[in-house]
Every structure is written in structure tokens, then in C-alpha cells.
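Working notes, structure below.
The values are calculated or read from the model by the stated rules, or taken from the named source; none is laboratory data. None of the values given here were measured: they were computed from a predicted structure. Glycine gets a Cβ as well: all are built from the backbone with ideal geometry, and neighbour counts include every protein chain shown. Accessible surface is based on the protein model in full, side chains and every heavy atom, while ligands, DNA and RNA are left aside. Shrake-Rupley method; radii C 1.70, N 1.55, O 1.52, S 1.80 Å.
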Amino acid sequence: MTVRISFAELISLLDRIFRNGGCSGPVAAALAHNMAEAERDGATSHGIFRMAGYLSSLKSGWVDGRAEPRIEDVAPGFLRVDGANGFAVPALVAATEQFIAKARANGIALCAIRNSHHFSALWPDVEPFARKGFIAIEMVNSNAAVVPFGGHKKLYGTNPLGFAAPRRGGEPLVFDQASSAVALGEVLIAAREGHALEPGIGVDREGKPTTDPNAVLEGGALLPFGGYKGSSMAMMMEIMAAALAGGNFSFEYDFSTHPGAVTPRTAQTMILIDPSRGASYELADRIEVLIAEMHAAGQDRLPGDRRYANRRAAEVEGVPIPDAEMAALRALL
Ligand code: NDP
Ligand code: PYC
């Protein structure tokens with residue numbers, strides 16, 4: 001059984017839970033909005049499913065829910081942000097106005113956030129920038145869970161890449177994907193629901209291929225998507241997020257000092273491009289040409305289509321939440 005709740009009510013409920021969990025007003029507001037968006041759009045591996053992890057990390061003292069990010073304007077097109085050991089999503093919110101001003105002034109800008117915890121999906125970060133006419137590319141590194149191609153030891157995080165571009169009169173074109181064969185969140189959900197993984201996703205503690213999510217989680221590892229190609233993408237994310245921003249690589253921190261901690265203390269980089277400053281043509285028109293040809297070539301489903309369809313349904317019917325999960329949320333108030 002599921003209950004239906006409006007997006008606004010869900011944000012308000014999550015906001016109160018984050019505040020009770022030790023977050024300041026601005027942090028709770030940013031996290032609540034982000035989590036409600038994920039739940040509304042059917043990105044359930046990063047929706048309310050993540051609340052327990054946020055709260056246990058906060059309780060352990062591993063992450064600071066009241067952190068105040070410090071923004072450094074280091075070059076005309078370069079912002080550096082010290083997340084002050086807080087969450088990455090509110091740090092990006094705090095930097096957004098300056099970041100946009102730089103991208104508008106220069107045609108391109110970069111925002112590198114370190115000493116921060118990104119525990120969510122990336123599309124809620126990038127999509128709003130495409131709605132303002134920018135191309136946005138975001139790279140994040142997480143916690144060591146992925147064996148590099150040909151290797152035998154976990155090294156990379158599931159390191160996602162998010163991309164968003166504006167469309168002419170339509171929803172932005174957005175994709176957001178882990179560089180592992182699936183996100184760790186999908187493995188956690190498979191373990192919770194007791195179903196097997198697809199072959200080719202993970203290995204057990206002996207490095208043998210497995211479809212058992214528990215074997216992946218208990219000493220095993222994920223594989224990169226697409227063999228060496230995904231492995232190189234994960235490597236790039238370690239460089240573009242951690243090394244460039246001055247944060248931890250995915251293998252460089254240890255949360256065993258803080259029992260209950262699960263949020264990755266790493267880094268992220270976003271690049272914004274203002275196409276109106278460089279292109280001698282309308283980017284959105286060119287994107288429509290490409291999409292028309294994608295459809296003509298037989299690709300009906302675009303990345304983002306599933307989420308936008310869920311969003312449209314939720315706007316009419318409310319956000320569907322399983323009864324037991326809603327009861328668990330209300331118990332946190
Ligand atoms: P998926 O493989 O489910 O989806 C990746 C992308 O592919 C989405 O944009 C999706 O669009 C699109 N897509 C899916 N199926 C198709 C299809 N048939 N045709 C065209 N496009 C398709 O995601 P992942 O498992 O890789 O990642 C899940 C989430 O986990 C992401 O949001 C990611 O940001 C998050 N994550 C976060 C991390 C962090 O450190 N914060 C680490 C790793 C992952 P659609 O949305 O419409 O389904
Ligand atoms: O699902 O792989 C994942 C993940 C890592 C950090 C946040 N989500």
C-alpha cells in the first residue's frame with residue numbers, strides 16, 4: 001500500500017526531520033528539497049531511502065549539519081568552496097549566485113567544492129542550471145566501492161557524472177550516471193528487497209563474479225560500467241572532483257572512527273557554460289536537431305524521460321510513498 005503526499009508537504013516533513021537530526025535551517029531546507037525531488041521523480045535509491053544514512057552520519061559526528069561553507073573567489077572563472085565538513089548540496093546552493101555571475105561574465109565557470117559530503121543524485125544539482133540556459137557538468141567522487149579494470153582491490157567510488165543542457169521549449173536534457181555498473185544505492189535496495197543483481201555488476205570478497213547483493217556489500221565490490229571505459233571515467237572523476245578541488249580521493253578516508261557514518265567525505269566539481277556567449281548559433285536549436293535524429297534512429301526514450309514522467313504524475317496525484325516508509329519517516333519527528 002502507498003500513501004500520496006504533495007511535494008510541498010513532503011519537503012516540509014523532511015525539513016523537520018533534518019532539523020531534528022541536527023541540521024541548521026539552510027542545510028535542512030537544501031537537503032529536504034533535494035530528497036523530496038528524488039522521491040518525486042522515482043529516483044528512489046536517493047530519495048527517502050537515504051534518510052537513515054544521513055541521520056546516522058549526523059549522529060556519529062562524522063558530518064557537520066550546521067556547517068557554513070566558505071566560498072573563495074580564486075580566478076575570474078574559478079570558485080573554490082570549503083564545505084567545512086558539511087553536505088555538498090547546501091554548499092552548492094550557497095555558491096550558486098556567485099557561480100552563475102561568473103559563468104555569465106566569462107562564458108564559462110567552474111565551482112570546486114571540497115571537504116564535503118555528497119550523498120544524493122546529481123540531476124537535482126544540474127537540471128536547474130539548464131533551466132537558466134546553461135550547460136552544466138558535475139563530477140563527484142564517493143567512497144571506495146569499485147575495482148579498477150583489471151584490478152583486484154576496491155579503489156574508486158561509484159563516482160557519478162551529471163550533465164544537463166537546455167532544450168527549446170522542453171524539459172532540459174539530463175543524464176546522471178554512476179561510473180560503476182550500477183550505483184551502490186541500487187545494490188542496497190536489492191539487498192533490502194532480497195533480489196539478485198544482474199550478472200556483470202559485482203564481485204564477492206574473493207573477487208569472484210556474484211549476483212548476490214549481500215556478497216557485494218560484505219567485502220565484495222562493484223565493477224565499472226563498460227570495462228576499462230567506465231574505469232577511466234571513474235579515474236577522471238577522482239581527478240576532476242577530488243584532486244582538482246583539493247578533497248579526499250574515495251580511498252583516502254576512513255569512517256570506522258565514527259560508527260554509523262556512511263556519507264562520503266570527498267569533493268565535487270561543476271562546470272557551467274553559457275552557450276549564448278560562445279556559439280554563433282542557438283544551442284537549443286542544434287540540440288533539437290540531434291534529438292530528432294535520435295528519434296529517427298529509433299531511440300524513443302531519452303535520459304530523464306522516466307523521471308519527468310514520474311514528476312508529471314506526482315504533480316497530479318501526489319508523491320507515492322509506501323505506507324511503512326511513511327510511518328518510519330513520521331516516527332522520526
Ligand atoms: P541509472 O543507470 O539508473 O540511470 C543513468 C542515466 O541513464 C539516467 O539519466 C537515466 O535516465 C538514463 N537511462 C536509464 N535507462 C535508460 C534508457 N533505457 N535509455 C536512455 N537513458 C536511460 O543510474 P545509476 O545507477 O548509474 O545512478 C543512479 C543515481 O545514483 C544517479 O542519480 C547518481 O547521481 C547517483 N549516485 C550518486 C553518487 C554520489 O556520490 N552522490 C554515487 C553514485 C551514484 P532516467 O533518470 O530518466 O531514468
Ligand atoms: O549510490 O553509489 C551510490 C552513492 C554513493 C554516494 C551516494 N550514493
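Assuming charge only on the beta carbon of Lys and Arg (+1) and of Asp and Glu (-1), the dipole of the chain about its Cα centre is about 380 debye to the nearest 20. Distance distribution note for the stretch 176-326: the fraction of Cα pairs above 27 angstrom is 48%.
Is it possible to state the helix-based mean residue ellipticity at 222 nm for the chain, with each DSSP H run of 4+ residues giving -39500 (n - 2.57), the sum divided by total residues, to the nearest 500 deg cm²/dmol? What is it? Each step should come with its number before you reach the end.
Values: 12 runs with 132 residues, N = 333.
One gets -12000 deg cm²/dmol as the mean residue ellipticity at 222 nm.
Going by accessible surface with a 1.4 Å probe and the largest first, His33, His258, His117 read His33, His258, His117. Be a star and scan the stretch 136-167 for residues whose amide nitrogen sits under 20 Å from the point 7 Å along the Cα-to-Cβ vector of Ser232. Answer for the stretch 136-167: 138-141, 146-152, 155-163. If you sort His152, His195 by accessible surface, 1.4 Å probe, largest first, the order is His152, His195.
Anything over 25 Å Cα to Cα? Flag those among Lys208/Lys229; Lys132/Lys229; Lys153/Lys229; Lys102/Lys132; Lys154/Lys229, in the order listed.
Details: Lys208/Lys229 21 Å; Lys132/Lys229 32 Å; Lys153/Lys229 18 Å; Lys102/Lys132 14 Å; Lys154/Lys229 17 Å.
Where the Cα-Cα span goes over 25 Å, the pairs concerned are Lys132/Lys229.
You can think of it this way: the chain between Glu282 and Arg131 has 52.9 nm of extra reach, that is 0.36 nm per residue less the Cα-Cα gap.
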